[in-house]
1. I need the shape label for region 531-604. Rule: rounded when a/c is under 1.5, else prolate if a/b > b/c, else oblate, with a, b, c from the alpha carbon gyration tensor.
2. From the Cα gyration tensor of region 362-429, with a ≥ b ≥ c the square roots of its eigenvalues, which class applies: rounded if a/c is under 1.5, or else prolate if a/b is larger than b/c, or else oblate?
3. Check cross-link reach from K531 to the lysines: straight Cα distance under 18 Å, and skip same-chain residues fewer than eight apart.
4. Compare the Cα positions of G218, S229, G198 along the charge dipole of region 191-281 (+1 at Cβ of Lys, Arg; -1 at Cβ of Asp, Glu; about the Cα centre) and return the one farthest towards the positive end.
5. Give me the lysines in straight-line cross-link reach of K587: C-alpha distance below 24 Å, same-chain residues under 8 apart excluded.
6. Please report the carbon-and-sulfur percent of the accessible area for region 512-628; probe 1.4 Å, protein heavy atoms only, DNA, RNA and ligands left out.
7. How big is D, in µm² s⁻¹, for region 265-370 by Stokes-Einstein at 37 °C and 0.692 mPa s if Rh is the Kirkwood radius over C-alpha pairs?
8. Going by the alpha-carbon gyration tensor, a ≥ b ≥ c the square roots of its eigenvalues, is region 478-598 rounded (a/c under 1.5) or, if a/c is not under 1.5, prolate (a/b greater than b/c) versus oblate?
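The values are calculated or read from the model by the stated rules, or taken from the named source; none is laboratory data. In this text the structure is predicted, and so the values were computed from the model without any measurement. No Cβ is skipped: glycine too gets one built from the backbone with ideal geometry, and neighbour counts run over all protein chains shown. Accessible surface areas use protein heavy atoms only, side chains included; no ligands, DNA or RNA. Shrake-Rupley method; radii C 1.70, N 1.55, O 1.52, S 1.80 Å.
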Amino acid sequence: MCRPCAARLPPSVESAAPPARGRPRLKRLRFLLILFAVLLLGLVSFVFGMFVAVASDLPSLTRFSQFKDEQSSYLYDDVGHPIGVLSQQNRVIVTPSQIPEIVKEAVISIEDKRFRTNSGVDIRGIARAFVQDIRHKGNLQGASTIEQQFIKNALQAQSHRTIFEKLREAALAYQLSHKWSKEKIITAYLNTIYFGNGAYGIEAAAQTYFGQSPGHQGCGMPGHELCVSELQPWEAALLAGIIQSPTEYDPAEHPVAAKERRDVVLRQMLDQGYLTRPVYEASVKQALPTSTQVQAPEEQTIEGVDAGYFTSWVAQQVIERYGAPRAFGGGLRIKTTLDLELQKAAEQAINGYLAYSGDPSASLVAIENSTGEVRAMVGGRNYDESPFNLATEGERQPGSSFKAFDLAAALEHGISPDSVWPSKEKTFYVPSPRGVEKFVVHNDEGAYTGENTLTNATAYSDNSIYAEVGLKVGTHKIARLAHEMGITTPLSTNPAMTIGGLTVGVTPLDMAHAYETIAHGGERVSGTMAKADAPVGIQEVEANGQPLPDGSKHDTNTVETKRVLPAEVAATETSVLETVLQYGTAKAAALGEFAAGKTGTTSNYGDAWFVGWNHKYTVAVWVGYPNKLIPMTTDFNGGPVLGGTFPALIWHDFMVSALGIEKERAEHAAHPKGSSSSSAAGTSSTGEAETSAPSTTVTTRSQSAVPTTGAGKEGEKSGTPGGGSEATSAPKAGAEPEHTAAPAPATPTPESPSAPSSPAPSTPGAGGVPNSPSPTGGVSPGG
């Protein structure tokens, strides 16, 4: 438009402009600000109301910190008989003045370093945790204060809580920090926290881990100082470190991890000014308490029931699954997998041969093949005298019983059981990180057959053949497969492992579990209530009061299986291991019907094994001295204890009893009204479980089940059934309850040991971390 024309436009047209847009935006902004203010006011009111409302919960926290919870949890066997109690009866309440400052400082340094200054809720910690969780897209950091941890324990809160439950806990923590002094809070926390091994509270923990240590004997007893009052900085740091994970940092079970964690605490104490540099440097050099020095508080048991080793094993699983507060004070009813009749049969089978205090000890684990459930567990001679569980914690050398894993790997590798191998003294040169290692293998007394099949080498446990087969397959493959089958301890891959010479030993529980994989057609069997594909100890848990962590009232196990071996490999291995009982080193274990297994003996005669199975159960038996490696050279009727002697005989007697129990139950199921004695317990008319123990079937040993021709020692006269000489005297018989006038079984022909001679185990009381074989030394044969 031209400039003159524009000048002639009417005023109304000249002043026209686009409508203003700022006013609606301003209205929306005002609305949002008002809405935000209302929401903020509502949130503040909600939080304030919650903080006021939860104040009524504080008295219950006081009761929690001062008195034992009466809602004990109960363990039952598979048919409802009480077998154990989980309670806080061992907790000892101490006052603030009885806990040294160094103990409080150790806990504060690692659990809540701003404990002295925060208001029960660590805002900085929450912000840091939130940022880290967002950055790593996961729940990596916690921000709980000691107040919040104490409240979580008091409320028996589960791990996965809703935002409202966490807000309530934060509100309680805030109230607590304003109602209670810091000294009262840290004392209540230390009196109620769980430290593992059944120790609830700081004094019980000090007694458990240091009551038997040098300089502390007698502490906690009448007339003596409390154990907690005697703790040194390194001891206080160990206990403080255990709080985060009582299982993972158990010094008896995991000494390396426990020491690393303790040293982290000591470093935190140094950085935060609780320790001087000289004290820190001296503290990190201190040794941890040994397994024999760690003495768990005496467990509350059911009168007339001796299942302490099993219940202690299951109790730890309950604690890890549901948390210590709920396990010890939540009133849970835990139905386990223990069969009391089989448990008594296991104890009787052992006592039939090893009843005296001077005898070697024995451990037995029986697992049901189809379910993976542990039906019997003997972890030592007497739980009250020695609670160390040889069945689950005793890591001992397996000898030739480890050859079952060599055989599985060889069959999977395509090696035929009918393949022929040279049987002679052999020297192998094996590459290693240190260069080439010389590995010499020979059979006992120079007994070789020139050549033999893999099947016969298994029956007579020929080390010469098995070493060559194992090295051909590869030690790494054998170790990997053994882990997949059920072994959980670290497995060395040195050449000697092919014939059972390991750096760290194995446990009877693991051996039974791994052999069960073969018995179940190559599938490893576990359950939803087992830990990390382990054997099953819990069938069902019922909540009495608060729901379980998933919100339900019941938790039931479901069988889970995982294919580890091809079915045809498992079937072939089964047929090969049958020969061990038919004409090999374990003829004393023969049942007169299907059974398969493998013997094992170390060259120093310190450990003897038999692990085998029938159609129903897989059973591992270990015999040896528990506290240290003592050669059993004269303990079997003046001769050495081998896998084919006490272990095979104990296994045989237990299986005979188990077959009798199974038959009786089948007859009772077929004719329930005509049965005069029920092997399965029922319930009373009130619906409560009866407390009487189930009847025990007593069977006598069958001589006819034990062949009368010997096969010679393992590695001796291989492939010559009936060759060698058989011992003529009967085994030593101990006190054998309820086995009156039972004839002694025919004495089996011993086998020779397999693992190389080596020093005593390094873990006292367990047989510990067993011998580390020398890769360059000669290896005696056997199994």
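1. Working: a/c = 3.19, a/b = 2.54, b/c = 1.26.
Cα axes put region 531-604 in the prolate bin.
2. Working: a/c = 4.05, a/b = 1.91, b/c = 2.11.
Cα axes put region 362-429 in the oblate bin.
3. K335, K562
4. It is S229.
5. Candidates past the 8-residue exclusion: K403, K598, K616, K663, K713, K717, K732.
6. Ligands and nucleic acids excluded, carbon and sulfur give 49 percent.
7. Values: Rh = 18.4 Å.
D = 178 µm²/s.
8. On the way: a/c = 2.47, a/b = 1.76, b/c = 1.41.
Verdict is prolate for region 478-598.
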